[in-house]
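The values are calculated or read from the model by the stated rules, or taken from the named source; none is laboratory data. No experiment lies behind these values; they were computed from the predicted model shown. Because the Cβ atoms are built from the backbone with ideal geometry, glycine has one as well, and the counts that use them run over all protein chains shown.
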Amino acid sequence: YEAYTEGFRGRNVVAAGKVPLGLKKKNLRIVVTGGAGFVGSHLVDRLIARGDSVIVVDNFFTGRKENLMHHFGNPKFELIRHDVVEPILLEVDQIYHLACPASPVHYKFNPVKTIKTNVVGTLNMLGLAKRVGARFLLTSTSEVYGDPLQHPQVETYWGNVNPIGVRSCYDEGKRTAETLTMDYHRSLGIEVRIARIFNTYGPRMCIDDGRVVSNFVAQALRKEPMTVYGDGKQTRSFQYVSDLVEGLIRLMEGDHVGPFNLGNPGEFTMLELAEVVQEAIDPNAKIEFRPNTEDDPHKRKPDISKAKQLLGWEPTISLRKGLPLMVSDFRQRIFGTPKTLIG
Ligand code: NAD
Ligand code: UDP
Ligand code: UDP
C-alpha cells in the first residue's frame, strides 16, 4: 500500500504539470491494452527497455503470446488475459489503450464485438484512468476521416464517414471513443491524449490478417499472385512501426491532448506498393485483380505538420527501407528458415 501511495503522490505531481523530465520518467507503472498485438508488442518492448513496469491486458483475439514471450519471467512485466469490454481494477500511472482489431477483415468478422470494444472498452479504460488519476492515450485511426474529401487530411477535418456501412463498427466506433475521451477530459479533468494512426506495417503483423502490406508480402514470398483490389489506384501512406511507437511515446509524455495524425506522408497507390514488394522480394511476382470491398476509402495521406511542430516528431523510415525489415520476419515465420540460407 505504501508503495502505491508513494507512486500516486509522484503521479499527482506529474498531473499538476511542470515536473522535471527526470521525475516523469521514473519507474512508471503502465498498462498497455492490446499489448499482445502488432503495434502493442513493439510499444511494450520500448517501455520495458526504458525501465518501466508494464501490464498487458489482452483477450488474444488478434494478438499472440509469441509477440511478448521474450518478456516472460521479467518481474517488471505482467500479462493478463482479459477482455476490455469487462471492467478491471489496476493501479497504474499511464494507460495506452490499443485494444481493438485493426485489420478490416478482423474488425468486420464480429462487428458488434468491435463496436463494443471501441465504446464499452474505452469507457472502462477511461473509468480506470479516472479512479487512479492515470494519463490515458487513445489509439484512434485515420479511418475517422472516412473516404476523405480533403487531401491530405488535417486534424481539423471532420471526415466523410458512412454511419451505417460495413466499416462503421470500426470508424464510427473510434469516433465515439474519441468523443468519450474528450468528454472525460473536459468534464472530469482526466489527462488524455489522442493519436490518429495511419496504415502501419512491420514485423509481427499477423501473416494472414488481410491487410494489404501483409497480404502482398506473404503472397510474394509464397509465390502466389498479389491480390490488388479494385483498379489498384486507391492510395495509402505506409508507416514503419518503430516510427509510430516513437510518436506514441512522445505524445504520451508531451503536454498536448491532440488529436495528432501519426503517419508517414509518403503516398502510394496499391499498384505502386506491389512494385515495391516486387523489388524487395521477387521481380517476377504476379498481380491479380479482385473486386474491391465496400466503402473503401479512395485516398489517404496524413498532414503531419501538427505532430512535427508540437511533438517534434516525424517518421524516419521510408517504405523502401522498412519493407525489407518486415520481409525478413515474414520469411522466417512462413518458412522457418533463417533468411541467410534463402539468399
Ligand atoms: P492488432 O490486431 O495486431 O492488435 C490489437 C490487439 O488488441 C490484439 O492483441 C487483440 O488481441 C487485442 N484486442 C482486441 N479486442 C480486444 C478486447 N476486447 N479486449 C482485449 N484485447 C483486445 O492491431 P494493431 O495493428 O496492433 O493495432 C493496435 C491499435 O492501433 C488498434 O486500436 C488499432 O485500431 C490502432 N490502429 C492501427 C493501425 C495500423 O495500421 N496498424 C492504424 C490505425 C489505428
Ligand atoms: N471501471 C473500470 N475500472 C476502474 C474504474 C472503472 O473498469 O478502475 C469501469 C466501470 O466499471 C464503468 C466504467 O469504467 O463501467 C466507467 O467508470 P466511471 O467511474 O467513469 O463511471 P460509472 O461507474 O460512474 O458509470
Ligand atoms: N487491398 C488490396 N489487396 C489486398 C488487401 C487490401 O488491394 O490484398 C487494398 C484495400 O482495398 C485498400 C488498401 O489496400 O484500398 C488498404 O487496405 P488495408 O486493409 O490494408 O487497410 P485500410 O487502409 O483499408 O484499413
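Values for this structure:
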| quantity | calculated |
| --- | --- |
| Test for residue 178: is it more than 16 Å from ligand 1 (Cβ to nearest atom) and either under 23 Å from residue 241 (Cα atoms) or of a type outside the set (A, V, I, L, M, F, W, C) (or both) | no |
| Only one of 50, 81 that is of a type in the set (Lys, Arg) and within 12 Å of ligand 1 (Cβ to nearest atom) | 81 |
| Top-ranked residue of the stretch 81-110 - restricted to ones that are assigned to a loop (DSSP other than H, G, I, E, B) and within 16 Å of ligand 3 (Cβ to nearest atom), ranked as nearest to residue 257 (Cα to Cα) | 98 |
| Pick from the stretch 84-102, criterion among the acidic types (Asp, Glu) and within 10 Å of ligand 2 (Cβ to nearest atom), ranking: surrounded by the fewest Cβ atoms within 10 Å (Cβ to Cβ) | 86 |
| Total residues in the stretch 145-164, condition of a type in the set (A, V, I, L, M, F, W, C) and touching a residue at least 60 places away in the same chain (Cβ under 8 Å) | 1 |
| Residue ID - farthest from ligand 1 (Cβ to nearest atom), chosen from residues in the stretch 277-305 that are surrounded by 18 or more Cβ atoms within 10 Å (Cβ to Cβ) and part of a helix (DSSP H, G or I) | 280 |
| The stretch 319-330 residues that are among the polar types (S, T, N, Q), paired with ones that are in a helix (DSSP H, G or I) (beta carbon under 6 Å, 6 or more apart) | 328/339 |
| Selected residue (criterion: nearest to residue 311 (Cα to Cα)) from residues of the stretch 187-205 that are touching a strand residue (DSSP E or B) at 6+ places or on another chain (Cβ under 6 Å), within 16 Å of ligand 3 (Cβ to nearest atom) and part of a loop (DSSP other than H, G, I, E, B) | 198 |
| Verdict on residue 147 being farther than 20 Å from residue 313 by Cα, touching a strand residue (DSSP E or B) at 6+ places or on another chain (Cβ under 6 Å) and modelled with pLDDT under 95 | yes |
| Breaking point among (1) at pLDDT 95 or above; (2) closer than 18 Å to residue 177 by Cβ; (3) part of a helix (DSSP H, G or I), for residue 70 | (2) |
| Exclusive hit being without any contact (Cβ under 8 Å) to a residue 12 or more places away in the chain and within 16 Å of ligand 3 (Cβ to nearest atom), set 171, 208, 183 | 208 |
| Those residues of the stretch 306-316 which are without any contact (Cβ under 8 Å) to a residue 60 or more places away in the chain and of a type in the set (S, T, N, Q), in sequence order | 309 |
| Unique match (being in a loop (DSSP other than H, G, I, E, B), basic (Lys, Arg) and surrounded by fewer than 17 Cβ atoms within 10 Å (Cβ to Cβ)) among 308, 233 | 233 |
| In the stretch 119-144, the residues that are away from ligand 2 (no atom under 14 Å from the Cβ) and assigned to a helix (DSSP H, G or I) | 142, 143, 144 |
| The listed residue being part of a strand (DSSP E or B) and either more than 16 Å from ligand 2 (Cβ to nearest atom) or at positive phi (or both), out of 39, 54 | 54 |
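Matching residues to (1) over 21 Å from the mean Cα position of the chain (by Cα); (2) within 29 Å of residue 127 (Cα to Cα); (3) in a helix (DSSP H, G or I):
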| residue | (1), (2), (3) |
| --- | --- |
| 157 | no, yes, no |
| 165 | yes, no, no |
| 176 | no, yes, yes |
| 185 | yes, yes, yes |
| 228 | yes, no, no |
| 247 | no, yes, yes |
